[in-house]
1. Give me the percent of the accessible area of the chain that comes from carbon and sulfur atoms, probe 1.4 Å, all protein chains in place.
2. Per-residue ellipticity at 222 nm for the chain, helices alone: DSSP H runs ≥ 4 residues times -39500 (n - 2.57), over residue total, nearest 500 deg cm²/dmol?
3. Which of 41, 30, 104 moves the most in a Gaussian network model of the chain with Cα springs under 10 Å?
4. Can you sort 180, 162, 134 by 1.4 Å-probe accessible area, starting with the largest?
5. With a sphere of radius 12 Å drawn around the Cβ of residue 17, what net charge do the other residues whose Cβ falls strictly inside it have (Lys, Arg +1; Asp, Glu -1)?
6. Taking the Cα-to-Cβ direction at residue 95 and at residue 36 and moving 7 Å from each Cα, how far apart do the two end points lie in nm?
7. Mind pulling up the Rg/Rh value for the range 1-110? Radius of gyration and Kirkwood radius, both on Cα.
8. Once amide H atoms are built 1.01 Å from N in the peptide plane, which residues 5 or more positions from residue 50, or in another chain, come under 5 Å H to H?
Amino acid sequence: MTIGLYFGTQTGKTETVCGYIKDEFGDLVADPIDVSEKDLADFPNFDAIICGIPTWNTGALELRSGTAWDDILEKIGGLDLKGKPVAIFGLGDSVGYGEDFVDAMEELHRYFEKAGAKMIGYVGLDGYDQFTNSRCLIPHLNEITAPGDGMKFCGLPVDEDSEGELTEERVKKWCAQIKSEMGL
């Protein structure tokens, strides 16, 4: 299996998280690729894809990342990725921008879903106490036991600004989860 690892970044933090993911997957994951330097032609050639996106345009309804991802979202939606496993992680600041925490992740998730990808790597809310709202929360109806239960992030939220000390452990746990979801 060969897994593509893509990211967009403004400060280098998303690329840093890609390094942690690469460490967890080893040779199964290709070297991280900055989406500003590569087109989407290789997406269909990978067995699975992992993508990282920061949220910069907080409060925006569209084009939330402020990176090259914003320029290719529509193109992703036009790809044929039927059944291809795709996992997403997003960076944001749960304290400084807690009302828009990792919102760009939802946008990327939506376009990969439109392309037919099999979205994996959803993360529960446990341990994420700082944020107040996020567009990337999605219901998991089979897990609802009480009002408000069953919500998950559509990928891994990473907060290098206010919770950086938790990043490596969160990434390690998430990588184990998506390996399991991929049958590795």
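1. Details: 4000 of 8500 Å².
Ligands and nucleic acids excluded, carbon and sulfur give 47 percent.
2. On the way: 4 runs with 50 residues, N = 184.
One gets -8500 deg cm²/dmol as the mean residue ellipticity at 222 nm.
3. 41
4. Numbers: 180 85, 162 50, 134 10 Å².
Per-residue accessible area, sorted high to low, gives 180, 162, 134.
5. Working: positive: 13, 22, 170, 172; negative: 15, 23, 24, 159, 160, 168.
Counting the neighbours of residue 17, the net charge comes to -2.
6. Each label point is offset 7 Å from its Cα along the Cβ direction, giving 2.7 nm.
7. Numbers: Rg = 13.4 Å, Rh = 14.1 Å.
Here Rg/Rh amounts to 0.95.
8. Close amide H contacts, sequence-distant or interchain: 4, 5, 6, 87.
The values are calculated or read from the model by the stated rules, or taken from the named source; none is laboratory data. Since the model is a prediction, treat every value here as computed from it, not as a measurement. With ideal geometry, Cβ positions are generated from the backbone for all residues, glycine too; neighbour counts draw on all protein chains shown. To get the accessible areas, we keep the full protein, side chains included, count just its heavy atoms, and leave off ligands, DNA and RNA. Shrake-Rupley method; radii C 1.70, N 1.55, O 1.52, S 1.80 Å.
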